[in-house]
Structures are given as C-alpha cells and as structure tokens.
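Notes follow the structure.
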Amino acid sequence: MKHLWRVALNEYQRNVFKRSFILLMISVPAFITFSIGLGVFMESLEDNSLPVGYVDHAGVFAAMENESGMHSTLLAKYDEPIEIIAYADEEQAGAALLDGKLQAYYVMPADYAETRRVVQVFIEKPGENAERQFYDFLQINLLSSQPAEIAYRAAAGTYVTVHSMDGRRTIPSGGPTFGLLMPLFITMAFLFLILMSSGYTMSAIAEEKENRTMEVLITSISATDLIAGKIVGIVAIGLTLLLTWALVGVIGIGAARLLGVAWFQDLGIDWRTVLATLAIAIPAYALAIALMTAIGASVTTTQEGQSVSAIFFVLHLAPLYISWVFINDPHGPLAVGLSILPFTSLMTIGMRNLFTIVPAWQIMLSMMVQIACALGAFWLAGRALRLGMLRYGQRLSLRGLMGRSGYREKMA
C-alpha cells in the first residue's frame with residue numbers, strides 16, 4: 001500500500017507544481033470573474049441615476065404628490081430609486097435637460113386621457129431604470145382614486161411562483177435562485193474536470209510506455225499499485241482544482257453580497273442536494289479517470305488516447321439532449337434509470353434536482369453503482385497495464401483486454 005501512496009504523491013507533485021497547472025488553476029476563476037464583471041458593467045451602463053422630470057398638461061399627477069408614501073413604498077423595490085421632478089412647462093424642463101440636471105423629461109399632453117400618449121424628450125437615451133420607475137410613478141397616480149392596498153397591488157404587477165408537478169420544488173418569480181442551481185454548477189464543474197484531466201490521465205501511462213520507463217518501475221512495484229497510485233494522484237489533482245475554484249467562488253459570492261447584487265442576497269442553498277450531488281460526482285469522476293487510464297495503458301501513443309477520452313465527456317452530457325423527459329416526468333422510469341447508470345447519473349440527478357427532490361434511495365443506489373464501477377475500472381486499468389507490457393508497441397484490443405490471457409492471444 002505504501003508504494004501506491006508514493007506513486008500518487010509523485011504523480012500529484014509532478015503535475016501540480018508545473019507552470020501550466022498553476023495557469024489553468026487561475027485561468028478558470030479569472031475567466032468567470034471577467035465574464036460576470038463584464039456582464040455587471042454592461043448592465044450598469046443601461047442604468048442612469050440622474051433625475052427625470054415631467055410636464056403635466058393633463059392633470060394626471062394633480063391628485064398625488066411626488067413624495068407620497070405610496071410612491072416611496074413602490075419604488076422601495078428598486079436598489080437605487082431616482083428622483084422624479086415636476087416642471088411647470090417644457091421650457092424649464094428643457095433648460096434642466098440641457099444643463100445636465102436631468103437625463104430625460106416626459107410631457108403629458110392635454111389629451112392624454114383619450115390618447116394615452118406620453119412624449120419622452122432626451123439628449124441621450126435614458127437608463128432603463130428611469131423608464132421603469134417613471135411608469136410605476138405614473139401608474140400609481142392613475143390609481144390614486146383606489147384604496148391604497150389595491151393601488152399598490154395593481155402597480156406592483158404579478159408575482160408568479162412556479163411549482164414542480166409533484167409539488168416538491170418551488171421556483172420564485174424572479175427565476176431559480178443561486179442555491180437551487182448549485183447542484184447543476186457542481187455537475188458542470190466535475191464535467192469540466194473530466195475534460196481537463198484527460199491530458200494528465202493519458203500522459204500518466206502513455207509517456208512512460210513510450211520512453212520505456214514503465215519497464216523499470218514494474219520491477220519494484222506491482223502493476224496494481226502503480227496504476228491505482230496514478231489514478232489516486234490524478235483524482236487528487238482534479239479535487240485540488242475544484243477546491244481552489246470553490247474557494248474563489250465563496251470569496252466572489254461574499255463580495256457580491258457586500259456589493260448588494262440581488263441574485264446573491266438570498267442563496268437558499270439546499271445542502272441535502274449539494275451533498276447528494278458530491279456523493280455521486282466524486283466516484284463518477286474516479287470512474288472516468290480509471291477508464292481513461294485503462295485506455296492510456298492500451299494505446300500506443302498519448303495522442304491516440306486523448307482522442308478516445310472525449311467519448312466520456314460526451315456520455316456525461318447525453319442527458320442534456322433529452323432534458324424534456326425530466327421536465328415532463330422527473331420520476332419516470334427513464335429519469336430513474338439514467339440516474340443510476342454510470343456516466344449519465346451525474347448530469348441526470350443534477351438536472352432532476354432543478355424540478356424535484358430526488359429520493360434518497362436513488363442517490364444511495366447511484367452512489368454504490370458508481371463506486372462499484374470505479375473499483376472495476378481500477379482492476380481493468382491494472383490488467384490493461386500488465387497486458388500492455390506484454391504487447392509493447394501494439395494496441396491492445398478490447399477482446400484481448402477482457403480475455404483470459406492477452407499473451408496467449410498474441411502468441412496464437
């Protein structure tokens with residue numbers, strides 16, 4: 001067993017301290033941060049904090065003052081409510097606009113009651129926040145004859161809550177919360193790890209086969225310890241990347257909460273689904289790494305192995321193409337079957353958790369299946385290494401790998 005851990009430590013140190021690994025570890029959070037920052041910046045350009053004005057020739061605003069309690073209550077839903085200023089005529093409003101005191105002003109024609117026409121005047125297009133808040137202000141004034149609670153409810157608009165068909169999952173009107181999407185984020189992170197780990201996995205065996213180092217190593221360590229140590233080391237590399245990204249994510253979420261980003265204020269994380277996703281993701285990741293290591297031991301070149309490893313990534317993404325099944329019937333036979341089978345279980349359970357709560361027995365069964373398959377893949381990788389040593393320079397077929405004696409097949 002000590003040889004296994006020595007191989008794992010050597011594989012870990014050999015890759016983690018490379019400049020390429022450090023750049024990879026930093027580049028993904030940097031790219032995500034840049035993308036989110038760019039989106040927030042572009043959204044901020046659509047808003048403008050300058051006041052807006054209005055000229056009321058129709059007497060629409062006569063029944064309610066600008067700073068009324070109802071108006072203040074309605075605009076409280078905005079993070080940055082803007083000031084709405086009344087002007088006696090268009091000359092005053094136009095002068096304020098030219099002086100840069102307003103971003104726009106609105107003119108309510110005398111025939112507004114018949115035409116419902118509002119004239120907007122601006123030099124540069126006003127922010128979307130200004131338009132929304134002015135029309136909320138207008139709506140409150142039009143409803144001023146109604147009781148306060150009715151006026152506010154009509155002006156506030158609809159609030160739709162979406163319930164899953166089995167009633168076990170609820171999505172608010174603003175869309176899924178960060179916590180609800182967390183299992184899907186974890187799933188995509190592990191799939192990304194599988195894609196990136198393919199390079200380390202294929203090079204772990206294929207390079208040593210090409211330069212004949214394997215023949216030296218096998219004299220002092222068993223093939224099982226060697227292959228298992230390399231798989232453990234590669235899994236540790238992937239988990240290092242994941243933990244680093246998770247730490248950066250926690251820091252980013254904390255910064256977003258301090259900055260008042262609305263989506264991160266109420267995280268609502270369901271730790272049951274998060275832990276269930278991790279319980280399946282880790283053995284599923286180990287299974288993929290073990291199978292890719294077996295391929296690396298079976299092929300003759302690193303490039304050949306990397307081209308085959310893309311199949312595992314495609315298999316994990318397969319449930320995306322039939323996502324309508326999970327929406328229509330999240331507890332149907334196909335959804336349950338894909339939740340248990342290797343390769344498809346990780347994405348399937350991640351998607352089902354968006355629409356329902358996956359039963360605990362399915363999580364446990366899926367986890368046991370992943371662990372059993374991962375152990376089988378460890379054995380298969382060790383066998384591929386032993387037979388590959390006998391067939392140096394030749395590709396190992398699946399028939400030869402699963403047969404009783406690859407060596408006797410070769411001699412025949």
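Any read-out appearing in this document is the output of simple, stated calculations on the displayed coordinates, not a laboratory observation. Note that the structure is a prediction, hence the values are computed from the model and not measured. Reconstructed Cβ throughout: ideal geometry from the backbone, glycine too, with neighbour counts over all protein chains shown.
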Item checked: Label-point separation, residue 5 to residue 49 (7 Å along Cα→Cβ), nm -> 5.7 nm
Margin query: Per-residue counts of other Cβ atoms within 10 Å, averaged by peptide: what ranking do you get for 252-258, 342-348, 290-296, highest first?
Written below: 290-296, 342-348, 252-258
